[in-house]
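**Student:** Below: one structure in structure tokens.
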Amino acid sequence: MSALKLGIMISGRGSNMEALIEACANGNIPAKPTLILSNRPEAEGLVTARQLGLGICAISHKSFGKDREAFERALDAALIKADIDIIALAGFMRILTPWFTARWEGRMINIHPSLLPKYPGLNTHERVLEADDAEHGCTVHWVNSGVDQGEIIAQTAIKVRPSDTPETLRARILVEEHKLYPEALKLACQTLLERSA
Ligand code: GRF
């Protein structure tokens, strides 16, 4: 199977990015991490990516003020220059405009720490505890113009324990994210490759 060029967009630590890079290096996914793009030049994940010898690019959203589309045009130009086939959002903390999501629709996936369609948006662990839910989890989905709304590719559920706090849930869910995201990226790549065959 030919390898798709993978762009990973991050804003911070990049632990999901690392899980994807490792799975690609192990030959588990028909994709080659080609560009790690961050909207925060100080993102820790960029340091990791550089150490791993990957192409990195920082485009600060702050330099574009309120012009979100201008920021996204810069992101898009970097992705096009690197000839990216598929984007994985991995803790990328900017809401994308319909212009960008339409451009990459069917070629961009995201990981979210909840059992979507429950709890799109922020503070998912707190909201699960407030609602007294028995289960929580993480989801990988295709990205469309709605925030955390696109078609679901894969999900993992865990049981909420009576002793859980937002921090314990965050930690347990993150372990699951690192297993789920590579599996879901593999499925997404297969879909793309089948579509272009
Ligand atoms: C993850 O929990 C992801 O689901 C959410 O942001 C967090 C990013 O963590 N969107 P990391 O940067 O991958 O370590």
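The values are calculated or read from the model by the stated rules, or taken from the named source; none is laboratory data. Predicted model, so just to flag it, every value in this text is computed and none were measured. Glycine gets a Cβ as well: all are built from the backbone with ideal geometry, and neighbour counts include every protein chain shown. Calculation scope for accessible area: heavy atoms of the full protein, side chains included, ligands and nucleic acids excluded. Shrake-Rupley method; radii C 1.70, N 1.55, O 1.52, S 1.80 Å.
**Student:** List the pairs whose first member sits in region 15-33 and is open to solvent by less than 20 Å² (accessible area, probe 1.4 Å), whose second member is within 13 Å of the ligand (Cβ to nearest atom) and among the acidic types (Asp, Glu), and whose Cβ atoms are under 7 Å apart, counting only residues at least 6 apart or on separate chains?
**Tutor:** Close Cβ pairs (under 7 Å, with a partner that is within 13 Å of the ligand (Cβ to nearest atom) and among the acidic types (Asp, Glu)) amount to Asn16/Glu177.
**Student:** Mind checking which residues of region 90-130 are of a type in the set (S, T, N, Q) and within 14 Å of the ligand (Cβ to nearest atom)?
**Tutor:** Asn110, Ser114, Asn123, Thr124
**Student:** In addition: From the list Arg195, Arg170, which residue is open to solvent by 60 Å² or more (accessible area, probe 1.4 Å) and under 28 Å from Asp76 (Cβ atoms)?
**Tutor:** Result: Arg195 is the single residue among Arg195, Arg170 that is open to solvent by 60 Å² or more (accessible area, probe 1.4 Å) and under 28 Å from Asp76 (Cβ atoms).
**Student:** Could you pull out the residue among Arg195, Arg127 that is farther than 18 Å from Asn16 by Cα, at pLDDT below 95, more than 14 Å from the chain's Cα centre (by Cα) and part of a helix (DSSP H, G or I)?
**Tutor:** Of the residues listed, the single one that is farther than 18 Å from Asn16 by Cα, at pLDDT below 95, more than 14 Å from the chain's Cα centre (by Cα) and part of a helix (DSSP H, G or I) is Arg195.
**Student:** Look at Asn39 and say whether it is of a type outside the set (D, E, K, R) and within 17 Å of Tyr181 (Cβ to Cβ).
**Tutor:** Values: of a type outside the set (D, E, K, R): yes; within 17 Å of Tyr181 (Cβ to Cβ): no.
Considered against the rule, which asks whether it is of a type outside the set (D, E, K, R) and within 17 Å of Tyr181 (Cβ to Cβ), Asn39 comes out as no.
**Student:** While we're looking at this one, here's another question. Regarding Met9, is this residue open to solvent by less than 70 Å² (accessible area, probe 1.4 Å), touching a helix residue (DSSP H, G or I) at 6+ places or on another chain (Cβ under 8 Å), near the ligand (Cβ under 9 Å from one of its atoms) and not aromatic (Phe, Trp, Tyr)? Spell out how you get there, then give the answer.
**Tutor:** Working: open to solvent by less than 70 Å² (accessible area, probe 1.4 Å): yes; touching a helix residue (DSSP H, G or I) at 6+ places or on another chain (Cβ under 8 Å): yes; near the ligand (Cβ under 9 Å from one of its atoms): no; not aromatic (Phe, Trp, Tyr): yes.
No; evaluated as a whole, the condition is false for this residue.
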